[in-house]
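*Asks:* If you scroll down you'll find the structure; I have some questions about it.
The values are calculated or read from the model by the stated rules, or taken from the named source; none is laboratory data. Quick caveat: nothing in here was measured; it's all calculated off a predicted structure. Note that each Cβ is placed from the backbone with ideal geometry, even for glycine, and that neighbours are counted across all protein chains shown.
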Amino acid sequence: MSKGKMPLRRENFKKLHRRHNVARWIFSFSLAAACLLFLCTVWFAWVKMGNDSMAPTLQKGDLVLVNRMRKYYKEIERTDMVAFYRPGTKELLIKRVVATGGESVQGQNGSIWIDEKYCLSEEEYGATNGKDFDLVKVPEGYVFVLSDDRQFMEDSREEGIGCIDLDDVVGVMEVRLLPAFAIFE
């Protein structure tokens, strides 16, 4: 081989390497975009709070991230905030779970009683006292939800809502963004 052909061969190798590098970057970017699209449309949902029923935890206008898949790999527990559609409408509500299937719940003297012996600690999430309500037995596969601001009756105390079937739960709230970051208005 002559020495004159070596640089040409190196040049061809460099061009081929550059093309492969560009192809790798395009593939990596496409894969990352597909994963992000999947997460933002299938796994998670962005929800904007429409009222102050969950104050002080969530305020009107707050943007929250709801995990749609969590109910499939982890049981919904007391104090979780769940998103669900108000029966008969397309209004999405976010409320706090206070009782799960098989438990009974009652509002008495400004306190929430579970199974008539356990008093829910309202100070943990800043809930305000609301009106008393009668004893409700939560069926298996359902949850009883309340607003943190108990003056709002858009929760399981309302006859049109009642206990929420776990199949009707859209997801569990994971992250709250401040209104300053509400980019999806």
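*Asks:* Output the number of residues of the range 140-171 satisfying the condition of being among the β-branched types (Val, Ile, Thr) and surrounded by fewer than 21 Cβ atoms within 10 Å (Cβ to Cβ).
*Replies:* Residues that pass the stated criteria total 2.
*Asks:* Now a separate question. Given the condition out of contact with any Pro (no Cβ under 9 Å at 6 or more places or on another chain), closer than 22 Å to Lys71 by Cα, modelled with pLDDT of 90 or more and in a loop (DSSP other than H, G, I, E, B), answer yes or no: does some residue in the range 127-139 qualify?
*Replies:* There is at least one residue in the range 127-139 that is out of contact with any Pro (no Cβ under 9 Å at 6 or more places or on another chain), closer than 22 Å to Lys71 by Cα, modelled with pLDDT of 90 or more and in a loop (DSSP other than H, G, I, E, B).
*Asks:* Out of the residues in the range 68-114 that are exposed (fewer than 13 other Cβ atoms within 10 Å of the Cβ) and of a type in the set (S, T, N, Q), which is modelled with the lowest pLDDT?
*Replies:* Asn109
*Asks:* With the structure loaded, tell me whether Leu16 is assigned by TED's automatic domain parsing to the domain that holds Tyr118 and at pLDDT below 90 or whether it fails that test.
*Replies:* No: the conditions fail for Leu16.
*Asks:* Mind checking whether some residue in the range 41-51 is in a helix (DSSP H, G or I) and touching a residue at least 60 places away in the same chain (Cβ under 8 Å)?
*Replies:* No, the range 41-51 has no match at all.
*Asks:* Would you confirm, using the coordinates I've provided, whether Ala99 is within 19 Å of Asp155 (Cα to Cα), in contact with a Gly (Cβ under 6 Å, 6 or more places away or on another chain), in a strand (DSSP E or B) and not hydroxyl-bearing (Ser, Thr, Tyr)?
*Replies:* No.
*Asks:* Specify the residue that is farthest from Gln59 (Cα to Cα); the eligible residues are those in the range 143-154 that are out of contact with any Cys (no Cβ under 6 Å at 6 or more places or on another chain) and at pLDDT 90 or above.
*Replies:* Of everything passing the filter in the range 143-154, Val143 is farthest from Gln59 (Cα to Cα).
*Asks:* Let me ask something additional. Based on what the data block shows, is Thr57 within 17 Å of the chain's Cα centre (by Cα), modelled with pLDDT under 90, β-branched (Val, Ile, Thr) and in the same structural domain as Glu140 (by TED's automatic domain parsing)?
*Replies:* yes
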